[in-house]
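Encoded as structure tokens, the structure appears first; notes follow it.
The values are calculated or read from the model by the stated rules, or taken from the named source; none is laboratory data. Predicted model, so just to flag it, every value in this text is computed and none were measured. Positions of Cβ are backbone-derived with ideal geometry, glycine not excepted, and every protein chain shown enters the neighbour counts. We work out accessible area using only protein heavy atoms, side chains counted, and drop any ligands, DNA or RNA first. Shrake-Rupley method; radii C 1.70, N 1.55, O 1.52, S 1.80 Å.
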Amino acid sequence: MTVSRFAITGMSCVNCAGRVEKGLSSQPGITRAVVNFALEELTVEHDPVELPAEGILALVTGLGYGARPVPAGGELRDDEGADRLALQRNWLIFTLVASLPIMVTMPFHHQPLLGWMNLLLATAVQFSAGLTFYRGAWYSLRKGSASMDTLVALGTSAAYFYSLFAFFGFLGEQGDVFFETSAMLIAFIRLGKYLEARARGKAGEALRKLIRLQADKARLLFEGEEREVPASQLRRGDIVLVRPGETVPVDGVIIQGRSTLDESMVTGESLPVEKGEGDPVSGATLNGPGLLTLRATRVGEGTLLAQIVRMVQEAQGDKAPIQRFADRVSGLFVPVVVALSLATFALWYLLLGEEFIFAFKLAIAVVVIACPCAMGLATPTAIMVGSGIGLNRGILIKRGSVLEIISHVSVILLDKTGTLTRGVPELVALIPAPGISEEGVLEALAAAGKGSSHPLSQAAVREAVRRGIVADSAEEIRELGGAGISCLYRGVELLVGSSRFMAEHGVSLEPLPQVPEVVAGSSLVYVAAGGRVVGGAAYADLLKENAPQVVECLRKMGITTCMITGDRREVAQGIARTVGVDSFEAEVLPERKQQVVKEYQKGGALVAMAGDGINDAPALAQADVGIAMNGGTDVAKESGDIVLMKDDLMDLVRAIRLGRATLAKIKQNLFWALLYNVAGIPIAAGALYYPFHLTLRPEFAGLAMAFSSVSVVGNSLLLRRIARKL
């Protein structure tokens, strides 16, 4: 199966999105079809052999909408979004310029010259700016359904053609001409479309900002010569030069040079990161003062930035569970509204005996004011803004529905290594034998560990550098089965390893003092010189500084925490007590982690799992929400629904807060959209006429309808306020 994305044009409301989904989902070769009305984008999972992308384009065209493929890993260019906005603006200007003279001169329409001018202007608006509504209504009715276009076409046509017949005297002396109604109605709807397009553009601003970071050019080193080439032409293995202040064009590894890089656009981390030979760098990051030479490791669709863009697009195109409610309501709306419009006319004209023109205008107002667009925009716009806020903070949300799901999480399983802890062992204590200094023990550890890739050896070398201890190079270094290291240092045989390793070489540990309480549960390594023990060292995977604070925040949010680890029980127990989790499981295998998730789910809990390793991948996939730490493996990040790009555990709390804020905003949007229709339709139907003699003119009903959609998008944009509180 292949996933293809298409930009859709011609949709006027959420019913159009539903029609495309329904029309495609029934086709052979298509597994899933989802339309994001806010993004105007279609995502299709299909069999490329049975139904290629060209076939999908033909199907969409047959449904009455325009479509074109969106390049993999990219989105519509900024200038295309600007073109669409400019088109809406131009139509708005045209309709206002043509409609305002009609509005001003309608009291004098009985004068022949002004009457003909209004007729010509109204006709121009009706069949140019209003033509899109006829086209949409025709395609809808041809497929046996209705949409917002149907409502607008009905309302404007009724007003225009009634006025046309009245103008030529076909309705007798009682016929009233009101060309301003249809013209201003179209103008106000065009105003709403323009404002809505502007607001949608702001909602997707974070993603477009990210895409603009991609470098256009690269400095390719070929046979010692520097060439400037398009970044898209780079291939894996190419050598690339990055000068100070330039954007890194690809993911790669530094083979020469040292510099600091601003990675905030990818990780959300504000402080520059120092990097040198052998360190990986990501495309779209900004080089600092140094000159770097890179070897490209990932290009094009494989780069980290392209992956992030793709994940964010998929998240914004995903449908949250609450949106299904809005879709069902919207699908029933149009036929119900048409029925209410007919009932309004019958009530006022046939039962209450009001004038025909009075009842007719109220019926038009009912048709126009009741549009399901606001409900269709309620969820996707909030998700767009929410995922954009997360992206700016280094919280990568891969599925938009996760923002709703995470807000209901009641249990979080926390992996120990790399999630609650730093994931890298540190030397926490030195235990010198009598007459030996700590510095002497550390020098021996560093000398033996210089040529080793073992994490404990690297930790000793780091600690020696930190303390300013310089160890000479050792000779005849041998790593013996992972149990220890033997070498010659300044002519003396050094042994570094476990207690068993020392026993195998006849080294007694009795001269060492008692192991201090601080290193209980840590990994102990011993050092012997010339066959005699000189000291020991304790290594531990230290807790992240904010781990206890994060667990306390989760508890205050009403979430149960459980630490789960494959480490020894005594180690896990000490960490669980320090962090303050509600429960823990130790010495578990990867399949057991997944089983724990299932057990909580069977108990009715909504479960999140936070982890960073390959062994966490099954549990991350099983959980209702999988949260992967960016410092972890690619497998874990692929399995997770959320990736914490800064590897900051507090971002876990921020992700939940963001989810809850987004869900609250969606509920607000749906409440106001429903309230608007519940209150607006009776007012348009004349509910205020008898007590207050107030009615809603059709053109102002159109304006109210347009602003209902704008208000929903605007309310979603208020989510940006939460960014400062995360």
Review point. How far is helix 14-25 tilted, in degrees, relative to the longest principal axis of the Cα atoms in the chain, given as a value from 0 to 90 rounded to the nearest 10?
Key: 70 degrees
Exercise for review: Using the charge dipole of the chain (Lys, Arg: +1 at Cβ; Asp, Glu: -1 at Cβ; taken about the Cα centre), state which of Thr662, Val550, Ile436 has its Cα farthest towards the positive end.
Suggested key: Thr662
**Study point:** Inter-part distance where segment 95-125 and segment 590-605 are each reduced to a Cα centre, Å
**Key:** 70 Å
Study note, to complete from the structure: From DSSP H assignment alone, runs of 4+ in the chain each adding -39500 (n - 2.57), the sum over residues rounded to the nearest 500 puts [θ] at 222 nm at -15500 deg cm²/dmol
**Study point:** Kirkwood Rh in Å, taken over segment 570-726 so that all alpha-carbon pairs contribute
**Key:** 19.7 Å
Check your understanding: What are the GluC sites (Glu not before Pro) within segment 354-438 that DSSP puts in a loop, where the Cβ has at most 12 other Cβ atoms within 10 Å?
Key -> Glu355
Point to revise | Flagged links, alpha-carbon separation over 32 Å, of Lys217/Lys398; Lys416/Lys665; Lys398/Lys667; Lys416/Lys602; Lys217/Lys646; Lys598/Lys646 | key: Lys416/Lys665
Practice item. Considering Cα pairs under 8 angstrom that are at least six residues apart, work out the relative contact order of segment 635-726 and quote it in whole percent. Key: 36 percent
Check your understanding: Leu241 accessible area, nearest 10 Å², 1.4 Å probe?
Key -> 20 Å²
Check your understanding: Roughly how tilted is helix 438-449, in degrees to the nearest 10 and between 0 and 90, from the longest Cα axis of the chain?
Key -> 70 degrees
Review point. Let a ≥ b ≥ c be the square roots of the eigenvalues of the Cα gyration tensor of segment 225-307; is it rounded (a/c under 1.5), or, if not, prolate (a/b larger than b/c) or oblate?
Key: oblate
**Study point:** Charge dipole magnitude, Cβ of K and R +1, D and E -1 - segment 665-726, Cα centre, debye nearest 20
**Key:** 560 debye
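Multiplying the sequence separation of Asn546 and Val273 by 0.36 nm and subtracting their Cα-Cα distance, what value in nm do you get?
Answer, rounded to one decimal: 96.2 nm.
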Check your understanding: For the chain, what % of the accessible area comes from carbon and sulfur atoms, probe 1.4 Å?
Key -> 57 percent
Check your understanding: If each of Arg500 and Glu45 carries a label point 7 Å out from its Cα toward its Cβ, how far apart are those two points in nm?
Key -> 4.7 nm
Point to revise | Lys556-Lys217 FRET efficiency (beta carbon distance; Förster radius 35 Å; 0.05 resolution) | key: 0.10
Review point. In a shell of Cβ-Cβ distance under 13 Å around Arg532, excluding Arg532 itself, what net charge do Lys and Arg (+1) and Asp and Glu (-1) give?
Key: -2
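Under 14 Å from the Cβ of Val152, count the other residues' Cβ atoms, weight Lys and Arg +1, Asp and Glu -1, and hand me the total.
+1
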Check your understanding: Distance from the Cα centre of segment 653-671 to that of segment 500-514, in angstrom?
Key -> 60 Å
Study note, to complete from the structure: Rounded to the nearest 10 Å², the accessible area of Asp149 using a 1.4 Å probe with every protein chain kept is 10 Å²
Check your understanding: Using the beta-carbon distance between Gln668 and Leu141 and R0 = 30 Å, what value does 1/(1 + (r/R0)^6) give for FRET efficiency, to the nearest 0.05?
Key -> 0.30
Check your understanding: Expressed in nm to one decimal, what extension gain is obtained for the pair Arg198 and Gln595 from 0.36 nm per residue of sequence separation less their Cα-Cα distance?
Key -> 138.1 nm
Check your understanding: Of Ala617, Pro289, Asn36, whose Cα points farthest to the positive end of the dipole of the chain (charges on the beta-carbon: +1 Lys, Arg; -1 Asp, Glu; origin at the Cα centre)?
Key -> Asn36
Point to revise | For the chain: relative contact order, % (alpha-carbon pairs under 8 angstrom, 6 or more apart) | key: 13 percent
**Study point:** Å² of accessible area per residue within segment 371-428, as computed with a 1.4 Å probe and no ligands counted
**Key:** 18 Å²
Exercise for review: Taking the dipole about the Cα centre of segment 603-726, with the C-beta of Lys and Arg at +1 and of Asp and Glu at -1, give me whichever of Leu675, Phe700, Ile642 is farthest to the positive side.
Suggested key: Phe700
Review point. How far is the Cα center of segment 339-373 from the Cα center of segment 436-455, in Å?
Key: 89 Å
Exercise for review: Specify the angular offset, from 0 to 90 degrees and rounded to the nearest 10, of the alpha carbon long axis of helix 321-345 from the longest principal axis of the alpha carbons in the chain.
Suggested key: 10 degrees
Practice item. Output the relative contact order of segment 432-491, whole-number percent, from Cα pairs under 8 angstrom with separation of 6+ residues. Key: 30 percent
